[in-house]
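Asks: First, the structure itself, so that you have it in front of you.
The values are calculated or read from the model by the stated rules, or taken from the named source; none is laboratory data. Here the structure is a predicted model, which is why all the values come from computation and not from measurement. Quick reminder, even Gly has a Cβ in these numbers, built from the backbone with ideal geometry, and neighbours come from all protein chains shown. Side chains included, ligands, DNA and RNA excluded: accessible areas come from the protein's heavy atoms. Shrake-Rupley method; radii C 1.70, N 1.55, O 1.52, S 1.80 Å.
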Amino acid sequence: MVKVRIIPCLDVKNGRVVKGINFLDLVDAGDPVEQAKHYSENGADEICFLDISASIEKRDTMVNVVRKTANEVFIPLTVGGGISSLENIHSLLQAGADKVSINSAALKNPNIIKESSQYFGNQCIVVAVDVKKEKNDWFVYSHGGTNNTNKYALEWIEKVQELGAGEILLTSMDKDGTKSGFDLELLEKVSNFIKIPVIASGGVGKLEHFYEGVVRGKANALLAASVFHFNEISIKEVKEYLLEKEIEIRI
């Protein structure tokens with residue numbers, strides 16, 4: 001069995017880590033480089049940086065922050081937000097990112113998934129899918145959750161896999177920041193539906209939610225923000241809890 005990864009997510013806006021509820025009402029949660037260093041030293045398996053306003057503001061992702069972080073952090077670093085070309089991806093990988101996360105650009109030009117996975121290797125390419133439930137189905141949103149693309153989530157995720165993505169970062173906008181647990185129905189559907197790894201995102205509020213994400217949601221990796229940023233739960237506590245539950249994790 002592949003070991004489950006625990007990934008703190010740092011949403012970055014104007015050079016600061018922020019966190020909100022349902023992608024709204026953002027509050028400051030610290031310096032991104034210092035936060036990433038702290039998580040690296042305290043058991044995180046990877047770090048995920050999302051420049052949440054880059055696509056809306058139509059600018060490139062924060063290469064300088066990535067470079068500074070890569071000098072301080074020695075675990076895999078995934079970076080997303082505002083990535084729209086192979087040149088963007090190359091710049092981030094050169095700056096020290098191990099993977100890139102593409103969302104809005106892939107929805108606008110799906111071929112970027114195929115081109116980037118062939119050029120850089122699919123192990124570098126994560127496709128982020130932000131979804132919201134409406135009328136008993138899930139729809140994909142772009143531009144930091146501000147734009148409903150009217151694409152059905154399951155159809156889009158299947159296409160993303162076919163185009164060569166290495167992983168899916170699946171975020172439930174309905175659950176984001178609510179601390180009510182992952183959208184297990186959505187997670188289970190997607191995990192049963194595709195063959196590539198699924199990173200679960202949106203809704204963690206207590207230790208049991210991590211366990212549910214693996215056992216019921218069948219996720220390969222568990223991503224959280226609020227509970228880590230505000231010291232409600234530590235990564236060490238999560239790993240100890242999952243070990244007690246006989247879940248295979250990285251020590």
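Asks: Using 10 Å bins from zero, what percent of all Cα-Cα pairs in the chain falls into each bin?
Replies: With 10 Å bins starting at 0, P(r) equals 8, 35, 41, 16, 1.
Asks: State, to one decimal in nm, how far the label point of GLU244 lies from the label point of PHE74, with both points 7 Å from Cα in the Cβ direction.
Replies: 3.1 nm
Asks: Calculate the radius of gyration of the Cα atoms of region 51-173 to one decimal place, then report Dmax, the largest Cα-Cα distance, as a whole number, both in Å.
Replies: So, for region 51-173, Rg and Dmax equal 14.0, 46 Å respectively.
Asks: On to the next question. Under 5 Å between amide H atoms, partner at least 5 residues away or on a different chain: which partners does ARG5 have, H built in plane at 1.01 Å?
Replies: ALA221, LEU222
Asks: Per residue, how much accessible area does the chain show when a 1.4 Å probe rolls over the protein heavy atoms, in square angstrom? Please report the intermediate quantities before stating the final value.
Replies: Details: 11450 Å² over 251 residues.
Here the per-residue accessible area is 46 Å².
Asks: Please list the non-local residues whose amide H lies under 5 Å from the amide H of LEU169, H modeled 1.01 Å from N, same-chain partners needing a gap of 5 or more.
Replies: Placed amide hydrogens put VAL127, ALA128, VAL129, ILE199 under 5 Å from LEU169.
Asks: At 222 nm, what helix-only mean residue ellipticity would the chain give, in deg cm²/dmol to the nearest 500, using -39500 (n - 2.57) for each DSSP H run of four or more? Let's see the in-between values first.
Replies: Working: 10 runs with 89 residues, N = 251.
Value at 222 nm, helices only: -10000 deg cm²/dmol.
Asks: Which order do ILE196, ILE112 take when ranked by solvent-accessible area (1.4 Å probe, heavy atoms of all protein chains), largest first?
Replies: Numbers: ILE196 30, ILE112 5 Å².
These residues rank, largest area first, as ILE196, ILE112.
Asks: Whenever you get a sec, compute what percent of the accessible area on the chain sits on carbon and sulfur atoms (1.4 Å probe). Write down the numbers at each step before the final one.
Replies: On the way: 5220 of 11450 Å².
Carbon plus sulfur share of accessible area: 46 percent.
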